[in-house]
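Worksheet: one structure, shown below.
The values are calculated or read from the model by the stated rules, or taken from the named source; none is laboratory data. The shown structure was predicted, so the numbers you read here are calculated from the model rather than taken from an experiment. Here Cβ is always computed from backbone atoms with ideal geometry, including for glycine, and neighbour counts include all displayed protein chains.
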Amino acid sequence: MSELSFEINVFKKFIEQAKMLYDSYSLRVRRIISVTNRFIKVSYITAISSIKYLITTVFSGFRWEIYERHTKNWANKLVRELGIIILVEGDIPTKGSLLVANHRSYIDIPVLFSVLPGIFLAKKEVRVWPIFGFAARVAGTIFVDRSSRDNRRKAKSEIIRRIIRGDRVYVFPEGTTSEGPKLLEFKNGIFNISAQNNIEISPVAIQYADRKDAWIGNDTFLGHFFRTFAKEKLFVKVTFCKTIKNPDAESLKKEVHQSIYSNLPDFYEVLCDLETPT
């Protein structure tokens, strides 16, 4: 009798372990399917929105009000689909602004578009990205080849022209993404433009609750996307700092760097702020 009981117990444990393995495997499969669906929806939303906007501009030309409405609508759809929760602090700038932000991930783009649409300065490689490169071109992104002095000069002239026209222009002066919580050194270019043309800079601090949300190094886009958006929610805090103007480019760069750095909250604080009832 005791031997039978022992065998029954062993069999029960085997069944329990098998069930745990099945549940674990089933959960991974469901997550893969869920993230794949998210990626397909995000790609579809981006492609359709870009085509619609392209058709609109063919007939009406560029108008800021249309651009702002289109990009904000696109970004809001992406933010909802991807489960991104955004906390915004500070005074949001008006039209004709130069916004300088730290850079954590490609996720920064829809997050900022959702909060305050603008024109982005991006590296030339983004231009040829499938779907999203097309969307960036349609959205009027200013592309720059940092290896070409002539191309950098043209990009600077375009930034000035857009700001004078009344556009908001976003620049990531780190030149690449970083995990944080600290900042990388800033490139000089945008601060020379600001100082020489008497343009105010609005510093913007972006921080994610989970440092793994940063897209850095040799990580692939798809690999990062599938890991990051396997989570149900993603939390991010965007802080618009006080505007800064300085005729000395080097001093201006240091001031903006310090402004953003001092407004980058601890990762835990981001989550606490987002979970605190208002």
Residue check for L121: closer than 30 Å to P247 by Cβ, in contact with a Phe, Trp or Tyr (Cβ under 6 Å, 6 or more places away or on another chain) and either surrounded by fewer than 21 Cβ atoms within 10 Å (Cβ to Cβ) or modelled with pLDDT of 90 or more (or both): no
Lone qualifier among V138, V128, V111 - being at pLDDT below 90, under 26 Å from L222 (Cβ atoms) and crowded, with 16+ Cβ neighbours inside 10 Å: V138
Any hit, the stretch 97-106, residues being out of contact with any strand residue (DSSP E or B) (no Cβ under 9 Å at 6 or more places or on another chain), farther than 30 Å from V35 by Cβ and not in a helix (DSSP H, G or I): no
Residue within the stretch 184-200 that is without any contact (Cβ under 8 Å) to a residue 24 or more places away in the chain, β-branched (V, I, T) and out of contact with any helix residue (DSSP H, G or I) (no Cβ under 7 Å at 6 or more places or on another chain) present: no
Selection from the stretch 75-88 of residues that are exposed (fewer than 15 other Cβ atoms within 10 Å of the Cβ), of a type in the set (G, A, S) and in a helix (DSSP H, G or I): none
Residue within the stretch 122-145 that is outside any loop (DSSP other than H, G, I, E, B), under 30 Å from T56 (Cβ atoms) and acidic (D, E) present: yes
Residue selected from the stretch 149-188 under the condition among the hydrophobic types (A, V, I, L, M, F, W, C) and assigned to a loop (DSSP other than H, G, I, E, B), by the criterion surrounded by the most Cβ atoms within 10 Å (Cβ to Cβ): F172
The stretch 195-210, residues that are out of contact with any His (no Cβ under 8 Å at 6 or more places or on another chain) and outside any loop (DSSP other than H, G, I, E, B): A195, Q196, I201, S202, P203, V204, A205, Q207, Y208
Test: residue in the stretch 53-65 that is at pLDDT 85 or above and among the charged types (D, E, K, R): yes
Top-ranked residue of the stretch 211-269 - restricted to ones that are touching a helix residue (DSSP H, G or I) at 6+ places or on another chain (Cβ under 9 Å), of a type in the set (D, E) and in a helix (DSSP H, G or I), ranked as nearest to F191 (Cα to Cα): E250
Test: residue in the stretch 169-179 that is free of Cβ contacts under 8 Å to residues at least 24 places away in the same chain, charged (D, E, K, R) and closer than 25 Å to D248 by Cβ: no
So S24, is it surrounded by 11 or more Cβ atoms within 10 Å (Cβ to Cβ) and at pLDDT below 90: no
Exclusive hit being closer than 20 Å to L99 by Cα and modelled with pLDDT of 95 or more, set L183, L252: L252
Subset of the stretch 53-74 (residues that are surrounded by 14 or more Cβ atoms within 10 Å (Cβ to Cβ), farther than 20 Å from L112 by Cα and not β-branched (V, I, T)): L54
